[in-house]
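Q: Sharing a structure here in structure tokens format.
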Amino acid sequence: MDGTDPVSSSQSRIQLKKEAGQAFSTIGLICIGLGLLALVFSSLPVRLLDPAWQLQLAAAFTSAGFFLLIGTLLVCTADAFPVASETLNKQVKVLRKLCTWLAILYLVLIPVQLYAGVRVLQQKSSEDGRPLAQWQKLKRQIEATTNEQELRTLLGNLKQPITLPVKLDAPFATVRQAIVDQADSRFNALAYEVEQARSKRVQGFIGEATNNCLRSLLFAAGFAAFARPKPGALSLLEHVLELFGLYSPRRRSS
């Protein structure tokens, strides 16, 4: 015959559930804290109008999303225990409301990072094309020179001056064309390298943007799963419609 006291056994189970709930809650809050720390320090220093910083911020949210989502799951799991405290219940209600806005935020991040990525690509292309544009301008100036003195003055005023021999060993027109042809060959090679680098950047951006957008979409779906605190509350879609004045809770109840 089992001599275990039913009351003592019941109290032990309740105590075990309390300890498990506290452990879930504590670990969940730690995960959320780790996610917030990663988000804050990855987005510093703040440069709101810089598309590179906007991409950095989107990447920070994507990196922190896993910790935030797992932490939310653990805290909500702790609240599901029958012995959960009233304080934890209130915290979970607030957390679920925040999940609504997090889900919306992750959806907004999709067009933001696409726009910022295109801006960064445009800036890089502009920077890469600047030396080529400068060479085209200099080429026209060299071809416009009509005598040896003009050519010497033009080449001597460059950032990296080119010094011609004291006495030219060929006619002026031949020397001028040789300078243009020699520089053309160098800049043609540079143009090819720039085009190859631009193509690699575009391909890399497409792959990275697709990955980040899909991850943002999945995180949005994950947080949306926690965004409805109880039956009868507004869904995520209804929150969005209410935000833009397209939905009224009174209309729903009627």
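The values are calculated or read from the model by the stated rules, or taken from the named source; none is laboratory data. A quick note: this is a predicted structure, and the numbers were derived from the prediction, not measured. Cβ atoms come from the backbone with ideal geometry, glycine included; neighbour counts cover every protein chain shown.
Q: Condition first: more than 22 Å from residue 215 (Cβ to Cβ) and either touching a strand residue (DSSP E or B) at 6+ places or on another chain (Cβ under 9 Å) or at pLDDT below 85 (or both). Can you find one or more residues in the stretch 48-60 that meet it?
A: Within the stretch 48-60 (the criterion being more than 22 Å from residue 215 (Cβ to Cβ) and either touching a strand residue (DSSP E or B) at 6+ places or on another chain (Cβ under 9 Å) or at pLDDT below 85 (or both)), the answer is yes, since at least one residue qualifies.
Q: Does residue 65 qualify as being touching an Asp or Glu at 6+ places or on another chain (Cβ under 9 Å), under 18 Å from residue 215 (Cα atoms) and touching a residue at least 60 places away in the same chain (Cβ under 8 Å)? Step through it out loud before you land on a result.
A: Details: touching an Asp or Glu at 6+ places or on another chain (Cβ under 9 Å): no; under 18 Å from residue 215 (Cα atoms): yes; touching a residue at least 60 places away in the same chain (Cβ under 8 Å): yes.
No; evaluated as a whole, the condition is false for this residue.
Q: Looking only at the stretch 142-169, which residues are modelled with pLDDT of 80 or more and part of a loop (DSSP other than H, G, I, E, B)?
A: Within the stretch 142-169, 145, 146, 147 meet the criteria.
Q: Here is a follow-up. Being closer than 30 Å to residue 77 by Cα, of a type outside the set (S, T, N, Q) and surrounded by fewer than 16 Cβ atoms within 10 Å (Cβ to Cβ) is true for just one of 189, 197, 221. Which residue is that?
A: Being closer than 30 Å to residue 77 by Cα, of a type outside the set (S, T, N, Q) and surrounded by fewer than 16 Cβ atoms within 10 Å (Cβ to Cβ) holds for just one of 189, 197, 221, which is 221.
Q: Follow-up. Within the group 63, 85, which residue is within 22 Å of the chain's Cα centre (by Cα) and either surrounded by 13 or more Cβ atoms within 10 Å (Cβ to Cβ) or under 30 Å from residue 121 (Cα atoms) (or both)?
A: Matching residue, one of 63, 85: 63.
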